[in-house]
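J.: One structure, pasted below without further comment.
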Amino acid sequence: MRQVFINNLRVYFVVFHLKVNIMPTKKVTILGLDRRDLADLGFCAVTFGANRLFWVNGLLLCLEVYEKSFEYEIERGNFYVSQLCYTELPKYSRILEVEKGTQIPIANVSDMQIYKEIAKAIMEFECRSRMKNAKLGSKEEDET
């Protein structure tokens with residue numbers, strides 16, 4: 001308890017010390033991942049009811065996250081994304097015009113660690129997929 005004098009009156013007040021814990025997400029699990037055409041991604045986002053898209057270093061992301069995901073993140077440190085659709089969008093724009101009069105905002109999240117890691121994982125996944133497809137293609141050629 002602290003004591004202060006204001007206009008010759010003794011005033012007491014209690015000082016509370018608040019402890020703040022910062023608990024970054026430890027793991028992100030993406031259950032569905034699809035590359036989409038820009039127009040299809042935008043239209044899907046609008047019809048699904050997404051209130052914004054996310055742009056990170058040339059990738060446009062649309063994430064579908066269920067409410068339960070937030071509970072799991074708090075309980076287990078694992079954040080679940082049920083569906084993530086993406087497309088390349090080299091230049092950032094604040095708005096995506098889906099159709100005449102229909103727009104969806106785009107948040108630039110390129111400086112946020114969680115989104116940078118998601119974008120990195122997407123690019124690595126694409127690279128592995130291309131290598132796998134190339135190997136399958138060369139095996140098919142060898143068999144013919």
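Please treat every number below as a calculation from the coordinates, not as lab data. Nothing here was measured: the structure is a model prediction, and the numbers come from that model. We place every Cβ from the backbone using ideal geometry, glycine too, and count neighbours over all the protein chains shown.
J.: Give a quick list of trypsin sites (Lys or Arg not before Pro) in the stretch 12-48 that DSSP marks as loop, anything other than H, G, I, E or B, with at most 10 other Cβ atoms within 10 Å.
T.: Lys19, Lys26
J.: In whole Hz, what ³J(HN,Hα) sequence does the stretch 51-58 give by Karplus (6.51, -1.76, 1.60; θ = phi - 60°), x for Gly and Pro?
T.: 8, 6, 10, 10, 10, 9, 6, x
J.: Also, I was wondering about something else. For helix 38-48, what angle does its Cα long axis make with the longest principal axis of the chain, in degrees from 0 to 90 and rounded to 10?
T.: With both axes taken from Cα atoms, the answer is about 50 degrees.
J.: Which residue, chosen from Ile95, Gly49, Val109, occupies the Cα position most advanced towards the positive end of the dipole of the stretch 22-112, where the dipole is computed from +1 (Lys, Arg) and -1 (Asp, Glu) charges on Cβ about the Cα centre?
T.: It is Val109, whose Cα lies furthest towards the positive end.
J.: Return one number: the angle in degrees, 0 to 90 and rounded to the nearest 10, between the long axis of the Cα atoms of helix 113-143 and the longest principal axis of the Cα atoms of the chain.
T.: Roughly 10 degrees, rounded to the nearest 10.
J.: Once the Cα atoms of helix 67-76 and of the chain are each reduced to a long axis, what angle between those two axes, in degrees from 0 to 90 to the nearest 10, is obtained?
T.: Orientation of helix 67-76: about 70 degrees from the principal axis.
J.: Suppose a student asked you for the relative contact order of the stretch 22-112, using Cα pairs under 8 Å spaced at least 6 residues apart; what percent would you report?
T.: Here the relative contact order equals 38 percent.
J.: Treating only the Cβ of Lys, Arg, Asp and Glu as charged (+1, +1, -1, -1), what charge dipole size does the stretch 22-112 show about its Cα centre? Round to the nearest 20 debye. Before the final figure, lay out each step's value.
T.: On the way: 10 positive and 12 negative charges, 37 e Å.
For this selection, approximately 180 debye.
J.: Can you quote the Å³ per residue value for the convex hull of the Cα atoms in the stretch 22-112, rounded to an integer?
T.: Working: hull volume 9.3 nm³, N = 91.
So the per-residue Cα hull volume is 102 Å³.
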